[in-house]
1. Just to be sure I understand, how many residues within the range 170-184 are within 16 Å of Asn118 (Cβ to Cβ) and open to solvent by less than 90 Å² (accessible area, probe 1.4 Å)?
2. Which of the residues that make up the range 183-235 are of a type in the set (A, V, I, L, M) and outside any helix (DSSP H, G or I)?
3. So, of the residues in the range 53-109 that are in contact with a Cys (Cβ under 7 Å, 6 or more places away or on another chain) and not aromatic (Phe, Trp, Tyr), which turns out to be nearest to Phe14 (Cα to Cα)?
4. Quick one: count up the residues across the range 25-40 that are within 23 Å of Lys133 (Cα to Cα) and in contact with an Asp or Glu (Cβ under 9 Å, 6 or more places away or on another chain).
5. Working only within the range 220-235, note down all residues that are open to solvent by 50 Å² or more (accessible area, probe 1.4 Å) and either touching a residue at least 40 places away in the same chain (Cβ under 8 Å) or under 19 Å from Ile25 (Cβ atoms) (or both).
6. Provide a single number: the residues in the range 36-77 that are open to solvent by less than 40 Å² (accessible area, probe 1.4 Å) and on the phi < 0 side of the Ramachandran plot.
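The values are calculated or read from the model by the stated rules, or taken from the named source; none is laboratory data. Everything numeric here is computed off the predicted structure, so don't read it as measured data. Cβ placement follows ideal geometry from the backbone for every residue including glycine, while neighbour counts extend to all protein chains displayed. For accessibility, only protein heavy atoms count, side chains too; no ligands or nucleic acids. Shrake-Rupley method; radii C 1.70, N 1.55, O 1.52, S 1.80 Å.
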Amino acid sequence: MSKKYDYNKIKYGFYDKIYKDKKGIRSAWHHIKFNFLKYKIKKNYKHLDIGCGSGTFINLLKNKYCIGIDISKKQIDFANKIYGSKKKKFVHYKKKIPFKQNSFESISLIELIEHLNNKEIKTLMNEAHRALKKNGKIFITTPNYFSLWPILELILNTVSEVKYEDQHINKFNFYKLRKLIDRKKFKIKQLNSFMVLSPFLALFSFRLSIFFSKYENFLTKIFPGFLLFIEIEKK
């Protein structure tokens, strides 16, 4: 990740606590994006989550074997303590993915690539390609800067304990995200945006927010969603 921001400054378990709070927009945001992704990952896949943080997403998966990696050792220590098991492992990431070639059926990068510069992304994608089995899938989400996200980010930078103005060094839209994919190595299976109104309904009812998120896809035909999603397959 970029050296411009020290990710060890983020308190261990910070986002895990937000997820478990089950109140407010930020908690709804994490629930909605994780729900969106977990149903994309087949239970028989051996799965790798890159940038796993405190392990919240890995904990939600029912796969036969899941591994999370992150550059923050204290987040990894927290994840192993709270969520570690025989089926769920968390490993400190340094300069390369610490697993053999063709190790995984699927990989997720959840709101990660916006924290990386182009060179770092290329290196990481090459590593992911190496670790992925043939026809394996990579699932990526990232803020959509062709939506109202920049306004939301400005608000978050004002009210949130963790600021994003120094973290988000790469800003993606549909075109830039598509251009990111090396067509010699991967084929694009799906590219769309999601999450439009649902997180904000948590101001009135958290349950309503989660319920509505399952049915709001029709809104992305009118308004671009806050998050981009791309599914790619190794050739």
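1. Selection size over the range 170-184: 8.
2. Answer for the range 183-235, where residues must be of a type in the set (A, V, I, L, M) and outside any helix (DSSP H, G or I): Ile188, Leu191, Met195, Val196, Leu197, Ile222, Leu227, Leu228, Ile230, Ile232.
3. Top of the filtered list is Ala79.
4. Looking only at that region, the number is 1.
5. Matches in the range 220-235: Phe223, Pro224, Lys235.
6. Summing the residues that are open to solvent by less than 40 Å² (accessible area, probe 1.4 Å) and on the phi < 0 side of the Ramachandran plot in the range 36-77 gives 23.
Yes or no, residue by residue, for (1) in a helix (DSSP H, G or I); (2) crowded, with 18+ Cβ neighbours inside 10 Å; (3) at pLDDT below 95:
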| position | (1), (2), (3) |
| --- | --- |
| Phe90 | no, yes, no |
| Ile107 | no, yes, no |
| Ile138 | no, yes, no |
| Leu152 | yes, no, yes |
| Ile155 | yes, no, yes |
| His168 | no, yes, yes |
